[in-house]
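Read through the structure below, which is laid out as structure tokens, and then see the notes.
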Amino acid sequence: MGSQHKTTIHTATATAGASSSQYVFDWADLAFGSKKPLKDLKAIFIMAPRELSPGRFTQLVQTYLPKAHIVLGISKEPYVLGLDGQPQNKMLRASTVQTVIDKVNKSASKHKIYTLHYSQRDVSFVLEKVPFARVVLVNGSWYRAFHLRPEYYRLANSSTPYDMVSPFADEQEARDFADKTQLLPVPQPGAYTETEMLNLAAQAAKRSFDFGGFQTGVVLGREKREKKAASSVADSAVRDKPKRLYDLLASVHNKVVPFETYAMHYGASREKNFSPMNDLNYYDTIHAEIALILKAQKQRLDLAGTTLFINLLPCPTCARMFTETDIAEFVYRDDHTDGYAVALLEKAGKKVRRIVPAADTTEATVEDTMEDRRETTHKEEL
């Protein structure tokens, strides 16, 4: 049974008047009670979508309302789960489309629009307990390829038909959204510790529009060593270990091409081809590693002796490319592919380190060498 969450419902029910309340459901009220009122609708369910313009929502209403009642999911979380705080990944607020809903529900149409408010964590339970006539999935309303998620298996097991649709009215609206959305700030130049550099890579990743894959960020730095003063307590000949600081040279993320909202509008390649996460034949981005090399070429950056920080170990293809560059060191956070890139880069004379922020502090780190990794029984599979 779905869990109950004390999260704010982004809805205009209170101001829409008592006449609108009959069209509003909350999964928190239904989860442990009768779902008959919802089941009896035999409705088409628009699974809680990311931001939609009123114009795009009107298009969806025109497509599906003649066939059945519509139940519009409304997320209780303001962002796509797993992509918190990212302006390009906001979820739809009921108030954005309330005017359209009210207009339909006050009309003579035999089919009406209902809203169902729920936490995104509960959607699998919704799909399990309520037999919808059809489910409409708005691209970019989840993180990671849909066919690898539990919601897909709920639909497949129940043989529920579904459509995957664009969140945009047309390509121009998609392009405008990409151009006008203010993303999280680009990491600023300065001197940073290695842990801070890795955090900056994670920050850069949050600018990505890659909802069907993995948001990846890269920052490039050049180390400059600064020695601390000699200890006044110990022998004056003993000095503290030099603190590693890096000048930030560049930052990039994996960019969807030919424009950032292309996969949202036309569908993610991985999802359309039911591709596994490690399949390099179907994806929609320039890998962040490639983006870094392109940026370095355009800005004529000297790569000799630099250190690359990345939140995800480079894929085999990018690792092979890096063996031919002058980048001296690679520092990463998340592992995959049994350390293939590590072995390859080390054979090419590169230094590779893994830094994992400790659970209790982002400053404490663990350096994972290739030898240590071979002894590790748990490997994260993507």
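The values are calculated or read from the model by the stated rules, or taken from the named source; none is laboratory data. Keep in mind it's a predicted model, so treat the numbers as computed, not measured. A quick note on method: Cβ atoms are made from the backbone with ideal geometry, for glycine too, and the neighbour counts reach across all protein chains shown. Just the protein is used for accessible areas: all its heavy atoms, side chains included, with ligands, DNA and RNA removed. Shrake-Rupley method; radii C 1.70, N 1.55, O 1.52, S 1.80 Å.
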- prompt: So what J values fall out for region 346-353 if you push phi through Karplus, 6.51 cos²θ - 1.76 cosθ + 1.60 with θ = phi - 60°, rounded to Hz, Gly and Pro as x?
  reply: 5, 5, 7, x, 8, 8, 10, 9
- request: Tabulate in residue order the Karplus-calculated ³J(HN,Hα) for region 77-94, using 6.51 cos²θ - 1.76 cosθ + 1.60 with θ = phi - 60°, rounded to whole Hz; enter x for Gly and Pro.
  value: 9, x, 10, 4, 4, x, 10, 4, x, 9, x, 7, 10, 7, 8, 5, 9, 4
Relative packing of 118-130, 182-194, 21-33, which averages over residues the other C-beta atoms within 10 Å, highest first: 118-130, 21-33, 182-194
statement: For Glu128 and Gln22, extending 7 Å from Cα along the Cα-Cβ vector and measuring point to point gives, in nm, a value of 3.3
message: Taking all protein chains in place and a 1.4 Å probe, what share, in percent, of the accessible surface of region 74-185 do carbon and sulfur account for?
response: 48
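Determine, from the Cβ-Cβ distance of Asp170 and Asp338 and an R0 of 41 Å, the FRET efficiency 1/(1 + (r/R0)^6), rounded to the nearest 0.05.
0.40
Between Glu346 and Asp302, what FRET efficiency comes out of the Förster formula 1/(1 + (r/R0)^6) with R0 = 25 Å and r the beta carbon distance, rounded to 0.05?
Using R0 = 25 Å, I get an efficiency of 0.60.
Return a whole-number percent for the relative contact order of region 72-151, with Cα pairs under 8 Å and 6 or more residues apart as the contact set.
39
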task: Take each of the peptides 156-165, 74-83, 98-107, average the number of other beta-carbon atoms within 10 Å over its residues, and list them starting from the highest.
output: 74-83, 98-107, 156-165
statement: So, over other residues within a Cβ distance under 12 Å of Met91, counting Lys, Arg +1 and Asp, Glu -1, the net charge is +1
- prompt: In square angstrom, what is the accessible area per residue of region 118-184 with a 1.4 angstrom probe?
  reply: 45
field: Estimated distance in nm for a label pair at Met277 and Lys106, the labels positioned 7 Å out from Cα along Cα-to-Cβ
entry: 4.8
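Please give the FRET efficiency for Ser95 paired with Asp179, using the beta carbon to beta carbon distance and R0 = 25 Å, rounded to the nearest 0.05.
It comes to 0.55.
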Ordering of 201-207, 255-261, 334-340 by burial proxy (mean other Cβ atoms within 10 Å per residue, highest first): 201-207, 255-261, 334-340
statement: Cα-Cα longer than 20 Å, checked against Lys272/Lys295; Lys42/Lys112; Lys112/Lys272; Lys42/Lys272, kept in input order, equals Lys272/Lys295; Lys112/Lys272; Lys42/Lys272
- prompt: Around Phe125, with a cut-off of 12 angstrom between Cβ atoms, what is the net charge of the other residues, counting Lys and Arg +1 and Asp and Glu -1?
  reply: +1
